[in-house]
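**Q** Here's a structure for you.
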Amino acid sequence: MDKTELFEKMPVRIAVRKQIVPAIISQMVTLIYNLADTYFVGLLNDPAQTAAVAVAAPIFLMLTAISNLFGVGGASTFAQALGRKENRTASQISSIAFWFGLLASVLFAFFVLIFMRPILMVCGATTEIYELVRSYVMWTVIIGGPGTVLNILLANLIRGEGSAGIASFGVSAGGFLNILLDPFFVLPQFLNMGATGAGLATAISNLATTLFFLGYVFSSKNKTLLSVSPSHLRYKRERIGLILSIGFPSAVQYALTVVAVAAITKFVSGYDTAAVAGFGITKKIDQLPLYFSIGVANGLLPLLAYNYAAGNRERQRRAFQYGCGIAVGFSVLCLIVYEAFAPNIAAIFIKDADTIDYAAAFLRRMVVAMPVVDMISLLAAVYFYTRIIGFRRSC
């Protein structure tokens, strides 16, 4: 199928579903393998190990902010160039987004390495769990950070060209690899590395996903406009501004989430380790509807960007409304289920009674505003983008 058919001619609801379903699947798989770390570490029934993963979560989440800065911005400007039939510009944009994302991930990893102790203490690490948190962060952020950033970034770029299925497959394969590796590295009947093993599994799976996407780009040179050629960097001054301006709202959204989660974790750490572990479990569980809405937004953006560039305002509006309805409906469903079954859901991740009590209490309170939060997330990703490129509130 000609990719322009999806963007230009296919019925709106079908086009939206074809774009957002693979994007949602990618987000769900990302969430599942994030949950896998918590689940397999929780099988140790050691609140300190689970708390270590929780404390490291805000730092790891910053990698998503970096990847979205260049991935969401790059994918949207890439799709916009396709809509204007500017193929050479599209290739330049993808390459610039890739190399700047790689540079930013390396700089962030170096920064965390230099200031490791104060960063971890601010995020809620205590003397009891500091070494566990440090070893988990070493694998997921210092060593595995570039792989994490690039696999999300490349998935966005590939989706921006209309190959949402390839993006979904790559992310899903990496997620399943992480799930397979987690028990081998974490559990006592195998390598017994605990939280450190979970970090190692995450680093390996993200690197594998990045290599898969790079293999796709290099093997599809005659079929794709995506490029990671360093030669395109000479156009960085002309392209990087728009990439950053579009990716900035999504990056800030994640960065503010990092600040909020780190602040709450630090506050909770003043109680006991079980409270930190319970909060960590809750933050993983309540990400389900948020990741769903992010998947909807990521799938919608290339469709909206292409039709903006092509001048089809009515198609933009209808696609946005349909996508919003799907995202909000799912978040309401999650709200009902979480309120009804909070202790049962928490017990999936750990059998420690105190941790389950904390997690259930946190979950029931935190999900009250979930539909509103998810709607804001979707609007932040789409509305601010539309303002930047001049939709004039057409959505």
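The values are calculated or read from the model by the stated rules, or taken from the named source; none is laboratory data. Because the structure is predicted, anything quoted here is derived from the model rather than measured. Here the Cβ is made from the backbone with ideal geometry for all residues, glycine too, and neighbour counts use every protein chain on show. Surface areas here come from the heavy atoms of the whole protein model, side chains and all, with no ligands, DNA or RNA. Shrake-Rupley method; radii C 1.70, N 1.55, O 1.52, S 1.80 Å.
**Q** Report the local net charge at Arg239: Lys and Arg +1, Asp and Glu -1, summed over other residues whose C-beta lies under 15 Å from its C-beta.
**A** Local charge sum for Arg239: +3.
**Q** Report the local net charge at Gly199: Lys and Arg +1, Asp and Glu -1, summed over other residues whose C-beta lies under 14 Å from its C-beta.
**A** -2
**Q** Additional query: How do 6-15, 245-254 rank on mean C-beta neighbours within 10 Å, highest first?
**A** 245-254, 6-15
**Q** Then there's this: Would you tell me the accessible area of Lys283, worked out with a 1.4 angstrom probe on the heavy atoms of the protein chains, in Å² to the nearest 10?
**A** Roughly 50 Å² of Lys283 is accessible to a 1.4 Å probe.
**Q** Can you tell me the length gained on complete extension of the stretch Asn87 to Glu314, counting 0.36 nm per residue apart and subtracting the Cα distance?
**A** Result for the pair: 79.3 nm of gain on full extension.
**Q** Please work out how much length the chain gains when fully extended from Val106 to Gln321, using 0.36 nm per residue of separation minus the C-alpha to C-alpha distance, in nm with one decimal.
**A** This chain segment gains 73.6 nm when fully extended.
**Q** Could I ask something else about it? Applying a 10 Å radius around every beta-carbon, put 96-108, 184-196, 334-346 in order of their mean neighbour count, most first.
**A** Going from most to least packed, we get 96-108, 184-196, 334-346.
**Q** Run the quick spin-label model on Ala353 and Leu214: label points 7 Å from Cα toward the beta carbon, then report their separation in nm to one decimal.
**A** So the two model labels end up 5.2 nm from each other.
**Q** Given a Förster radius of 35 Å and the C-beta distance between Val332 and Phe184 as r, what FRET efficiency does 1/(1 + (r/R0)^6) yield to the nearest 0.05?
**A** The calculated FRET efficiency here is 0.35.
**Q** Additional query: For segment 288-359, with every protein chain kept in place, what is the accessible area per residue (1.4 Å probe, Å²)?
**A** Spelled out: the 1.4 Å probe surface of segment 288-359, per residue, equals 38 Å².
**Q** Show me the trypsin sites (Lys or Arg not before Pro) within segment 211-245 that DSSP assigns to loop and that have at most 14 other Cβ atoms within 10 Å of their Cβ.
**A** Lys221, Lys223
**Q** Can you give me the angle between helix 164-186 and the longest principal axis of the chain, using Cα atoms only, in degrees from 0 to 90, rounded to the nearest 10?
**A** So the inclination is approximately 20 degrees.
**Q** Continuing with this model, one more query. Under a Cβ-Cβ cut-off of 11 Å, what is the net charge of the residues other than Tyr358 that fall near it, where Lys and Arg count +1 and Asp and Glu count -1?
**A** Charge balance near Tyr358 sits at -4.
**Q** Further, regarding this structure: Between Met121 and Lys221, how many nm apart are label points set 7 Å from Cα along the C-beta direction?
**A** 5.2 nm
**Q** Determine, from the Cβ-Cβ distance of Glu339 and Leu113 and an R0 of 45 Å, the FRET efficiency 1/(1 + (r/R0)^6), rounded to the nearest 0.05.
**A** 0.60
**Q** Can you give the extra length, in nm with one decimal, that the chain gains between Arg13 and Ala369 once fully stretched, where that is 0.36 nm per residue apart less the Cα-Cα distance?
**A** This chain segment gains 125.4 nm when fully extended.
**Q** How far is it, in nm, from the label point at Glu128 to the one at Leu191 when both lie 7 Å from their Cα along the line to the Cβ?
**A** Once both label points are built, they end up 2.7 nm from each other.
**Q** What label, among (i) 30, 57, 13; (ii) 21, 50, 26, 2, 0; (iii) 24, 55, 20, 1, belongs to P(r) over Cα pairs in 20 Å bins from 0, in percent computed from the structure on display?
**A** (i)
**Q** Rounded to whole Hz and in sequence order, give me ³J(HN,Hα) for segment 250-263 from the Karplus expression 6.51 cos²θ - 1.76 cosθ + 1.60, θ = phi - 60°, writing x for Gly and Pro.
**A** 5, 5, 5, 4, 5, 4, 5, 4, 4, 4, 5, 5, 5, 5
**Q** Where the accessible area of the chain is counted over protein heavy atoms with a 1.4 Å probe, how much of it, in %, is carbon and sulfur?
**A** Carbon and sulfur together cover 67 percent of it.
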